[in-house]
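Only the coordinates and a few stated rules stand behind these numbers; no lab work does. Every value quoted in this text rests on a predicted model; they were computed, and no experiment measured them. In this analysis, Cβ positions are derived from the backbone assuming ideal geometry, glycine residues included, and neighbour counts consider all displayed protein chains.
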Amino acid sequence: MGRKLAQQIDAAEGQTAKGLAGVRLRRLKVTNFRALDHFEMEFPSPKFPDEPDVFVFGSSNGLGKTSLLEACALLYLGRLRTHTDMRLPFAFGDPPARVEFLDLLVRAGHQKAAIEGEFEVGESPLQGHVEIDRDSRSAYSLMGVNLIDSWPTQIGDPGSVTSGFLRTLTGAASDPFVCPDLMYFHSYRKVREGNVELGKMVGSGNGGSARVGTVGAFKLAVLRSMMGQKGLLEGVEGAEAGQVVEKLNGLLEEYAAVSIAKLRPSADNTIELRVSAGAGKSYPFDGLSSGQKEIISTLFLIWLHTHDAPGIVLIDEPELHLNAEWQVGIVRTLAKLVPGNQLILATHSEDVFGSVEEDRRFMLRPAGGGTHD
């Protein structure tokens, strides 16, 4: 039921595209993409029906663990958009902050980057291929289709799934990247302080700076659910919204000993989310610690988008802002939250890395490449 609400939130952001039901990544091969020169592996399937589908990459800084997650996302995005006119701009922004995308995506000193892989969709394999060619400056190839030339030099349509990924890649988005059956939580994600503008409850349609993500998809989902639970929001069923609020309150209680309490309107047409510890007083959700907001928002958004339609969930540094106790249990918590998801994580934390079996982890090392640890 929460999937319907999640789709309505995505539609408000314009991120609508058809997904691949029951998809998981089986194999990945990366050549000269971002920080990686060459990497190839198969992701093991769960041995038993109730075994969590989790894989963890570990490394020190600069060895490409983030690039691996970005490659997974780009490969899936390419496969998702194969039959549409997906294009990338040559550059983003104006001098001196202009970003040349081919320079960003292709490893320094090389002319081409390639990402290949295979997905499972039910029982069927599905091949994917992405190629970026620096020489021609016009060959971003998805499944053999050359696309790119007619895109503007700025990231344009804020509702484009492609644009959403590019905003994630360049650090222009604080929200996780979400498309059908795939979520990517990047390492600079943040529940941004501030109130939700009422106008953000519908699509903005006038540029990336006006996206819902300027305040956050998490707060938007909470606001819509609270209003829908009371029957105040047309198109959102009260029972569905009530289930969402119940899940949110469970997470708030577990990690912050509070519950969602009230909405406080402001003179600038914004709404403040407030929580309560049960003593009759409320205070702003933004008053919670960064670790509390991070774990609550991450778990809530994963559940909202995948609990009745599991997919691939990529998380860079799941330990972000978390204390040692929460780091130890985060993989188990993620696996229990939506058992059908495929979780692919990248971490600096020894606790996170050591929380999975040896065949479910891979340590990236310099010079000699990665070896199982």
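Lys and Arg at +1, Asp and Glu at -1: add these up for the other residues within a Cβ distance under 10 Å of residue 312 and post the number. Summing Lys/Arg as +1 and Asp/Glu as -1 gives -1.
Expressed as a fraction of 2.2 N^0.38 Å, the C-alpha radius of gyration for region 232-324 is 1.20.
The trypsin sites (Lys or Arg not before Pro) of region 211-307 that meet both conditions, a loop assignment by DSSP and at most 16 other Cβ atoms within 10 Å of the site Cβ, are 230, 281.
Taking 0.36 nm per residue of separation and subtracting the current Cα-Cα distance, fully stretching the chain between residue 124 and residue 290 would add 55.6 nm. Longer than 22 Å from Cα to Cα, which of 47/247; 65/336; 190/281; 230/262; 29/112 are they? Say none if no pair is. 47/247; 65/336; 190/281, as the Cα separations exceed 22 Å there.
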